[in-house]
1. Among DSSP beta bridges whose residues both lie in the chain, state the antiparallel percentage, nearest 5.
2. Quickly work out the Thr239-to-Ala143 label distance, labels modelled 7 Å from Cα along the C-beta direction, and quote it in nm with one decimal.
3. Rounded to the nearest 20 Debye, what is the dipole magnitude of segment 280-414 about its Cα centre when Lys and Arg each give +1 and Asp and Glu each give -1 at the C-beta?
4. Positive end of the charge dipole of the chain (Lys, Arg +1 and Asp, Glu -1 on Cβ, about the Cα centre): tell me which of Thr74, His180, His28 has its Cα farthest that way.
5. For the pairs Lys150/Lys339; Lys150/Lys174; Lys43/Lys339, flag any whose C-alpha to C-alpha distance is greater than 18 Å.
6. How about segment 169-271: which chymotrypsin sites (Phe, Trp or Tyr not before Pro) there lie in a loop by DSSP and see at most 12 other Cβ atoms within 10 Å?
7. In segment 147-255, what percent of the accessible surface is made up of carbon and sulfur (1.4 Å probe, ligands and nucleic acids excluded)?
8. Can you pull the one-decimal nm distance between simple spin-label points at Leu304 and Arg25, each 7 Å off the Cα toward Cβ?
Amino acid sequence: MNAQASTPTVFDVQRIRADFPLLTRTMHAQPLVYFDNANTSQKPTAVIEAVASHYREHNANVARAVHQLGDEATAAYELARDKLAAFIHASSRDEVILTSGTTHAINLVAYSYALPRLAPGDSILTTVMEHHANIVPWQLVAARSGATVKAAPIDQRGVLDVDAYVGMLTPEVKLACVTHASNVLGTVNPVQELARACRRRGIPLLVDGSQAVPHRPVDVQALGCDFYALTGHKMFGPTGTGALWARREHLEAMPPFFGGGDMIREVRFSGTTFADVPHKFEAGTPNIAGFVGLAAAIDYLHGLDLAAAHAWEQELLAYATGRLAELPGVRIFGAAPDKVPVLSFLLEGAQATDLATLLDLQGVAVRSGHHCAHPLMQFFGVPATLRASFAFYNTRGEVDAFVAALCKVRKLLA
Ligand code: PLP
């Protein structure tokens, strides 16, 4: 046996926690338990300092100035593109469009790629487990073009019916979409398998990577998809940052979505020529400081033993699932064999929002509601769930505090 492989890596969660200042906060006189990471993650000092130091020492606009500060800001912004490209194993930095997040990235594909190609009778395939960001943009462009949106089914465990998905890849489908990991169920979808099926039929595949990128290595080339959208604030970077990765051939063929400064080569009233990719999709002043922070977040992640961090998250998920399952009247949503650390549930006799409000008073931050996934709620026949979602800085002690708080507030509601 390989001696190295048999030695488990010890993940020093207390050392990691020291990197995240917000985790030392108290909430309603209790130590904060932050279990809303699928919504947005906390930021390490390295990210906070990178943003502050950008504004303190390097602030200027990008791509427009000939002065030194402008060069520094442009270099820092473009460095974020390099780091993101490397992080998701893009073959070229030019395939990475910097956006305000996944929502912006998917809308870019909807209006620049899908809309010009859709005709009455065409359709876009998505799934029942999607976030509204991977449903509504398709409905909007379908409404303008006479196309329709169809959704592949899932089962009661929250697992995608892959055969049904593949069976729905009929010739009128002009684009297929799927989330890499569900924000409600945690389900990780078999993107590689879906991408192979799409490629065989000549249908491009868009993947919503928002919930996968913070929890597992992503290699867009190995996945074999055509478009990959991600958001920076769930991967320990600032809000208002994200990216669209797309195959170069698609980007070259797509017209710009937003028009304005920075995305042009030459503007005349007789017609405008556009900058090369990726800049033709980045009109206006971007979130420069945000991307400086995102670059720092990527550096921070590279500085961790990411395999150990991800293994720790899985350990927390298994522990929390086991602890919750012991409670009488609990219903857990999402029992896929491969999950990101997201745990949705309901307790019999208590409203999700009441529980979340009372948990907050115990210092525990969880999300309650429909999680921007109305069709998924309709599938399970519930209006809302509670969702505890973990990051590598969470602890088993916090899971115990959460379960104890849950038992306490449940009694208050009885
Ligand atoms: N897709 C999924 C699966 C998500 O969880 C989210 C955010 O919760 C989004 C898309 C939207 O991301 P953003 O609001 O950063 O654009």
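The values are calculated or read from the model by the stated rules, or taken from the named source; none is laboratory data. Being a predicted model, the structure only gives us computed values, none of them experimental. Here the Cβ is made from the backbone with ideal geometry for all residues, glycine too, and neighbour counts use every protein chain on show. Accessible surface areas use protein heavy atoms only, side chains included; no ligands, DNA or RNA. Shrake-Rupley method; radii C 1.70, N 1.55, O 1.52, S 1.80 Å.
1. Approximately 60 percent, going by the DSSP bridge assignments.
2. With each label point 7 Å from Cα toward Cβ, the separation is 2.6 nm.
3. Dipole about the Cα centre, nearest 20: 400 debye.
4. His28
5. Flagged as over cut-off: Lys150/Lys339; Lys43/Lys339.
6. Details: sites: Phe227, Tyr228, Phe236, Trp245, Phe257, Phe258, Phe269; in loops: Phe236, Phe257, Phe258, Phe269.
For chymotrypsin sites (Phe, Trp or Tyr not before Pro) across segment 169-271 that sit outside H, G, I, E and B with at most 12 neighbouring Cβ atoms in 10 Å, the list reads Phe269.
7. Working: 1790 of 3510 Å².
The value for segment 147-255 is 51 percent carbon and sulfur by accessible area.
8. Going from the Leu304 label point to the Arg25 one covers 1.9 nm.
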